[in-house]
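Worksheet for the structure shown next.
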Amino acid sequence: MNSASSVLVASSSFLYWIRKPSPFKFSKFPSTPSVTPSSPTCYRVVCRGGSPQPASFTDLSFALHDALESTGIDTSHAREARKSFVSQIKKLSDIERETSICINRCVDLGRTSLFIAAEDDSLVSHSSVPLPVDAFLERLDDLSMGYCSHYNSACRSSRENFLESLEKYLYVKKGFRRSTANNQAEPQALDLHSVLTHRSGSAVMLSLIHSEILKMLRLWGLLDFDVEIFFPHDPHGLPRAYDKQKSKESDQPHIMTVQMLLEEILRNLKDAFWPFQRGAADSLFLRAANAANRIDKFNGFEDGGYRLASTKAAQRRLDRGVWTSVHFGDMRRALSACERLILLRTDPKEMRDYSILLYHCGLYEQALKFLKLYQDMKSSSAQNPSTDPVSNLEEDAVKKLIVRLNLIAMEEGWTRPWYVRNYLGNNSEP
């Protein structure tokens, strides 16, 4: 089966072979066609079909793009990138969500990650042209093509030698490395286009790149056995490929699924750009809730005064329209990460976290709507009451926030405060 018009059928989805330039997908199973290494013509497989997400998620009315447009900011490129992101994740069936990133078929993970970066780039740069997604996909494909010149017969002597050769190619010859700085100091480590440019990235981005190269090598017939990516949970380890037949039970927690990878990408962005970076609470929601209350519930700590000052400084910057700072996050990117996590159908707490950011933006009506959605989903999950002290503090903060929002509705009729226009429209540092 070597014609570009060939059709493969997998489950309920239809797979078509198409010529480059484009991303690629292929099956992990032995039925995958083989392409001789001597003529590495690049192909990809595009999946048609898949199980759509529930309308209750894809039809949610989010606030970020509309709020920015109300301040005169053009969000057309951001909206298009979001639309493309949704078109990818709508293909996720329950089975596909739990599929390893090395064998997924329907969702083009490289393209989806670049759509995330494209939206954020548009929100921050206000560029008149969108991020060139196809150009960076070409660069990702070129990494795989470059391995062909590095490849030799010695690599085929054993599976271990083959995977070791690929590892040296990626981490030594091409110089990709894991970023050791914290996310705020090096945010480019979280966006695929920046990682492809600077060759320094987070563990999840390096895992994605490693996996995409393996998929292309299988498509060309250079890889004829099952491989998994070992995702490191320590701060310094590198993602590595290993022969699945030799896997151990201890490897299971390190296997990255499609759902896990997309969640990790978005949660890294959310954590990095959360506007309230300082605070004694480990919970992002509690930090934002404490800032809303203008108190430090943990001021008994030795450095409570510093944390209180940092929280107040963050709030003053937000009120003055300062979106981003090394230590005080970026509200636009935090909001966009929350919205995409909600679309991805992850933890209902994402709606709660989104609502507290909307509250800080002065978008009270929307904040209450998502807070009630969170409560409805939580009550329908039939979970036992939590005994975790942090969870109890969070739920107490949720109740207080709902009371506050209801009072605002009665007293102000959802009137937007004067500073919201500056807050959403100003992108300059003082």
Over segment 81-194, with every protein chain in place, what whole percent of the accessible area is carbon and sulfur at 1.4 Å, could you tell me? 51 percent
With every protein chain left in place, what is the accessible area of residue 149 in Å² (1.4 Å probe, nearest 10)? 100 Å²
Solvent exposure of segment 60-268 as accessible area per residue, Å², 1.4 Å probe: 39 Å²
Within the under-12-Å Cβ sphere about residue 161, not counting residue 161, Lys/Arg +1 and Asp/Glu -1 give a net charge of -1
Considering only the other residues whose Cβ falls under 11 Å of the Cβ of residue 195, what net charge follows from Lys and Arg at +1 and Asp and Glu at -1? +2
Could you check the simple spin-label distance between residue 98 and residue 409, using points 7 Å along Cα→Cβ, in nm with one decimal? 3.8 nm
Other residues with Cβ under 13 Å from the Cβ of residue 371 give, with Lys and Arg +1 and Asp and Glu -1, a net charge of +2
Long-range HN-HN contacts of residue 179 with modeled amide H, under 5 Å: 201, 202
Can you list residues whose amide H is under 5 Å from residue 221's amide H, if they're 5+ apart or on another chain and H is modeled 1.01 Å from N? 35
Is segment 60-268 best put as rounded, prolate or oblate by its Cα gyration tensor, with a ≥ b ≥ c the root eigenvalues, rounded for a/c under 1.5, and otherwise prolate when a/b is larger than b/c, oblate when not? prolate
Using amide H atoms built 1.01 Å from N in the peptide plane, name the residues 5+ places from residue 230, or on other chains, whose amide H lies under 5 Å from its own. 240, 241, 242
Full extension between residue 238 and residue 61 adds, at 0.36 nm per residue less the Cα distance, a length in nm of 59.8 nm
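The values are calculated or read from the model by the stated rules, or taken from the named source; none is laboratory data. Since we're looking at a predicted model, the values are computed, not measured. Methodologically, a virtual Cβ is constructed for each residue, glycine included, from the backbone with ideal geometry; neighbour enumeration extends over all protein chains shown. When the accessible area is computed, the model is the full protein with side chains, heavy atoms only, and any ligands, DNA or RNA have been set aside. Shrake-Rupley method; radii C 1.70, N 1.55, O 1.52, S 1.80 Å.
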